[in-house]
Amino acid sequence: MFSLLIRRVAQMVFVMIGISILVFLIFFATPGADPAARIAGRNASPEVVAEVRKSFGFDKPLPVQYAVMMKRLFVDQDLTSFVNRGEVVVPEIMGAAPVTLSLVLGAAVFWIFGSIAIGLIAAATKDSFLDRLLMVLGLIGISMPVYWLGEIVNLITQSRLHDSWIFSWVPPLGYTPLTEDPWLWFKSLLLPWITLAILYIGLYGRVLRASLVEAGQEDYIRTARSKGLSESRILIRHALRTSLIAFVTLFGLDFGALVGGSALLTEVVFALQGVGRLTYQALLDLDLPVIMATVMYASFFVVFANALVDILYGILDPRVRVA
Amino acid sequence: MVRPALGPWARAARKLVANRAAMAALGLFILIVLACLAAPLYADYIAHTDPFSSNIDGTTTIDGQDVALVQPSTEGLGLGSIPLGPTWDIRNFFLGADAQGRDVAARLLYGGRNSLLIAGASTIICLVLAALTGLIAGFFGGITDMLISRLLDVLWAFPIYLLAISLSIVLISHGFSIGPIEITSGSLSLPIFIIGIVYVPYVARPIRGQVLSLKESEFVLAAKGLGVPDWRILWRDMLPNVMTTIIVFVPLLMAINMLTESALSFLSIGVQAPDASWGTIIQDGQDLIYTRPWVAIAPGIAIVLTVLALNILGDGVRDALDPRAKLRIT
């Protein structure tokens, strides 16, 4: 067990180093991309570009630049933005993280309960009209671009029906910290939560239904049935438990990716200043230190979620523990 | 040689044709493709408009009256402008005009061509690359497998959107030049390649796994025992066996690629002006969302319909070829 843990941690570290090198290469070694020219602006003279190159340290060899950046990010933690000079990167991310966490955690609550409900109902009424309807709705949910859905939600709740009783409670776009006003925090995040959750409700509901139906043909379900247990008890206590294994895997990966910044489209549409939006802004400005830090932060969550999934696997499925 | 009455492919094709939902989806998809291909016909012969040139001062005739395509805003401070809304007249600004006075309906059809082209081409690139890496890693094993698998691990842990956005931002601002290959910054091949690359790990992994188990199968061992060269085993024995997986991925991957392209274009780092795609039109409509919502709604509906058709078709193809395939990409 202990050696497994060590191996897992070593693997995490390896993947994160790999990602940091990849990001570094994308921005510094892509043919045609010169960060100094980019920072100096479009019509800068060669002297200005050379000046920028020297003052940002772009004239040093690539491995040296990489090592300096990593040292300042992780050891000294004094890495500053290229664009807003003097702004330290690490606290900036720490400031944006609660917004993203609020968004993703709330959406996760919706999508866990929503998809389990849909999966159970569809599996229990297999091949009925209700089952088909739920599955088609799920597919539509998967097929919608999330930013477009967000704009439609804004159109309805901020403009068209904002003056009617249904949506008059919707606050203007933006984020209010939980500690400042919990009720306003909830109100301003409710619609982003639902918007972000719809894709995953569709996806997970369909996956869950498929694996519940598959579990229905297993021997242990036949045993449960022959014991005379009720259908609903079989579905919830026996079939659902095994089916949740696939569910947990998906959840870990998606949750990690979203907290890491993949929720950026939702953040952009609902004007939430989270990590995704911070990353996107940094990417547009080619603000490499911020990009480096946010991508490292993102990959940490993805890799960590992966490891967590492996552990949860063992708890849910005793067969894995032996192997 | 006598051909068997029904091979596995023919059986799968029959099963697919019998699937009414999948056939309806295929019909819808073909209809959308044809409509987009007919974009120049629509623009020239029905709407009589040039959807790519700015026409801010233009006018059009509705019910015998001249109407400006873009009017100064009368709401609020009177700043900004409001384009013509939908006329619901198929011959004349069916969906209205955008902020530059261009016909939205015609742009929608032209944009669809790019969206479909990028989704299709990036799917082919992704599948070819994934098949190559999966086959090579699984078949040769050892250090080759280790290098490829570790690289895929790294790509896997890199959130897709961040990777796609990073590549797009660097490449789209400068273009790409390596040796004799030079791609200008507005070229459609940039989003095609970027989207084609980012999903490779998701397809390569299942293929590699399949090759690993195929390698131990008796017909491969027999071929090896007979001294058949490696490349021939790969081509004649391995590839046909992983082909079902690859084909099952086609519609699903195309659906995902279409969504990715639209997201990149929406963030203004996908298709570049003056070209349009459904994503760029949604972005054009973002500023008009409260005044002229149809500019953004219409391309969104086009995306939903196309992606939905591809997803239903993908379900059908999977049921016909390989019902137990566990595939997932997002």
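Considering each of A:Leu191, A:Leu229 in turn, give the residue that is over 20 Å from A:Val248 (Cα atoms) and in contact (Cβ under 8 Å) with a residue 24 or more places away in the chain.
A:Leu191
Output yes when any residue across the range A:224-231 is crowded, with 17+ Cβ neighbours inside 10 Å, touching a His at 6+ places or on another chain (Cβ under 6 Å), assigned to a helix (DSSP H, G or I) and not β-branched (Val, Ile, Thr), and no when none is.
Checked the range A:224-231: at least one residue is crowded, with 17+ Cβ neighbours inside 10 Å, touching a His at 6+ places or on another chain (Cβ under 6 Å), assigned to a helix (DSSP H, G or I) and not β-branched (Val, Ile, Thr).
Take A:Leu265 and decide whether it is within 23 Å of the chain's Cα centre (by Cα) and either of a type in the set (A, V, I, L, M) or more than 30 Å from A:Lys187 (Cβ to Cβ) (or both).
Against the criterion (within 23 Å of the chain's Cα centre (by Cα) and either of a type in the set (A, V, I, L, M) or more than 30 Å from A:Lys187 (Cβ to Cβ) (or both)), A:Leu265 qualifies.
Out of everything in the range B:112-133 that is away from chain A (no Cβ under 14 Å) and small (Gly, Ala, Ser), what residue ends up being nearest to B:Leu234 (Cα to Cα)?
Once the filter is applied, the top-ranked residue is B:Ala131.
Given the criterion surrounded by 15 or more Cβ atoms within 10 Å (Cβ to Cβ), among the β-branched types (Val, Ile, Thr), touching a residue at least 60 places away in the same chain (Cβ under 8 Å) and farther than 27 Å from A:Gly18 by Cβ, identify the matching residue among A:Val99, A:Val89, A:Val104.
Answer to the selection: A:Val99.
Find the residue count for the range B:200-220, including only residues that are more than 23 Å from B:Leu163 (Cβ to Cβ) and of a type in the set (Ser, Thr, Tyr).
Residues flagged as more than 23 Å from B:Leu163 (Cβ to Cβ) and of a type in the set (Ser, Thr, Tyr) within the range B:200-220 amount to 2.
Of the conditions (1) part of a helix (DSSP H, G or I); (2) surrounded by 14 or more Cβ atoms within 10 Å (Cβ to Cβ), A:Leu173 fails just one. Which one is it?
(1)
Has the range B:190-206 got any residue that is free of Cβ contacts under 8 Å to residues at least 24 places away in the same chain, within 30 Å of A:Leu283 (Cβ to Cβ), more than 9 Å from chain A (Cβ to nearest Cβ) and assigned to a helix (DSSP H, G or I)?
yes
Of all residues in the range B:212-241 being among the hydrophobic types (A, V, I, L, M, F, W, C) and outside any helix (DSSP H, G or I), which is nearest to the chain's Cα centre (by Cα)?
B:Val228
Considering only residues that are buried (at least 19 other Cβ atoms within 10 Å of the Cβ) and touching a Ser or Thr at 6+ places or on another chain (Cβ under 9 Å), look in the range A:126-145 and name the one that is farthest from the other protein chains (Cβ to nearest Cβ).
Here the residue is A:Leu134.
Is it the case, given these coordinates, that B:Gly285 is in contact (Cβ under 8 Å) with a residue 24 or more places away in the chain and either buried (at least 21 other Cβ atoms within 10 Å of the Cβ) or over 30 Å from B:Leu321 (Cα atoms) (or both)?
yes
Could you tell me which numbered condition A:Ile194 fails, if it satisfies all but one of (1) outside any helix (DSSP H, G or I); (2) more than 13 Å from chain B (Cβ to nearest Cβ); (3) of a type in the set (A, V, I, L, M, F, W, C)?
Unmet condition: (1).
For a quick check of your reading of the model, give me the residue pairs whose first member lies in the range B:12-36 and is at pLDDT 90 or above, whose second is among the polar types (S, T, N, Q), with beta-carbon atoms closer than 7 Å and at least 6 apart or on different chains.
Correct list of pairs: B:Phe29/B:Thr306; B:Ile32/B:Thr306.
Just give me the residues in the range A:285-303 being in a helix (DSSP H, G or I) and within 10 Å of chain B (Cβ to nearest Cβ), in sequence order.
A:Ile291, A:Thr294, A:Val295, A:Ala298, A:Ser299, A:Phe300, A:Phe301, A:Val302, A:Val303
Considering only residues that are under 18 Å from B:Ala35 (Cβ atoms) and surrounded by fewer than 22 Cβ atoms within 10 Å (Cβ to Cβ), which ones fall in the range B:93-107?
Answer for the range B:93-107, where residues must be under 18 Å from B:Ala35 (Cβ atoms) and surrounded by fewer than 22 Cβ atoms within 10 Å (Cβ to Cβ): just B:Phe94.
Between A:Arg237, A:Arg206, A:Arg225, A:Arg233, which is charged (D, E, K, R) and within 14 Å of another protein chain (Cβ to nearest Cβ)?
Step by step, each of A:Arg237, A:Arg206, A:Arg225, A:Arg233 is checked, and only A:Arg206 is charged (D, E, K, R) and within 14 Å of another protein chain (Cβ to nearest Cβ).
Would you pick out the residues in the range B:288-303 that are surrounded by fewer than 21 Cβ atoms within 10 Å (Cβ to Cβ), among the hydrophobic types (A, V, I, L, M, F, W, C) and facing chain A (nearest Cβ under 8 Å)?
B:Ile289, B:Ile297
If I filter the range A:16-45 down to residues being out of contact with any Ser or Thr (no Cβ under 7 Å at 6 or more places or on another chain) and at pLDDT 80 or above, which single residue comes out as nearest to the other protein chains (Cβ to nearest Cβ)?
Residue satisfying both the conditions and the ranking: A:Gly18.
Could you check the range B:1-56 and list, in sequence order, the residues that are more than 14 Å from B:Gly316 (Cα to Cα), within 24 Å of the chain's Cα centre (by Cα) and loosely packed, with under 13 Cβ neighbours inside 10 Å?
B:Ile30, B:Leu31, B:Leu34, B:Leu41
Would you check if there is a residue in the range B:29-44 being in a loop (DSSP other than H, G, I, E, B) and of a type in the set (D, E, K, R)?
Checked the range B:29-44: no residue is in a loop (DSSP other than H, G, I, E, B) and of a type in the set (D, E, K, R).
Counting only residues that are away from every other protein chain (no Cβ under 11 Å) and surrounded by 22 or more Cβ atoms within 10 Å (Cβ to Cβ), which one in the range B:134-176 is farthest from B:Leu188 (Cα to Cα)?
B:Gly138
Scan the range A:223-235 residue by residue and report those that are more than 13 Å from A:Ser211 (Cα to Cα) and in contact with a helix residue (DSSP H, G or I) (Cβ under 7 Å, 6 or more places away or on another chain).
Within the range A:223-235, A:Ala224, A:Arg225, A:Ile234 meet the criteria.
What's the total number of residues in the range B:42-61 that are in contact (Cβ under 8 Å) with a residue 12 or more places away in the chain and either touching an Asp or Glu at 6+ places or on another chain (Cβ under 8 Å) or over 16 Å from B:Arg91 (Cα atoms) (or both)?
Total meeting the criteria: 12.
Quick one: which of A:Ser243, A:Ser143, A:Ser188 is of a type in the set (Gly, Ala, Ser) and either touching a strand residue (DSSP E or B) at 6+ places or on another chain (Cβ under 9 Å) or farther than 30 Å from B:Pro251 by Cβ (or both)?
A:Ser188
Is the range A:153-161 home to any residue that is touching a helix residue (DSSP H, G or I) at 6+ places or on another chain (Cβ under 8 Å), assigned to a helix (DSSP H, G or I), in contact (Cβ under 8 Å) with a residue 40 or more places away in the chain and more than 14 Å from every other protein chain (Cβ to nearest Cβ)?
no
The values are calculated or read from the model by the stated rules, or taken from the named source; none is laboratory data. These numbers come from a predicted model, not from an experiment. Using ideal geometry, Cβ is built from the backbone for each residue, glycine included, and neighbour counts are taken over all protein chains shown.
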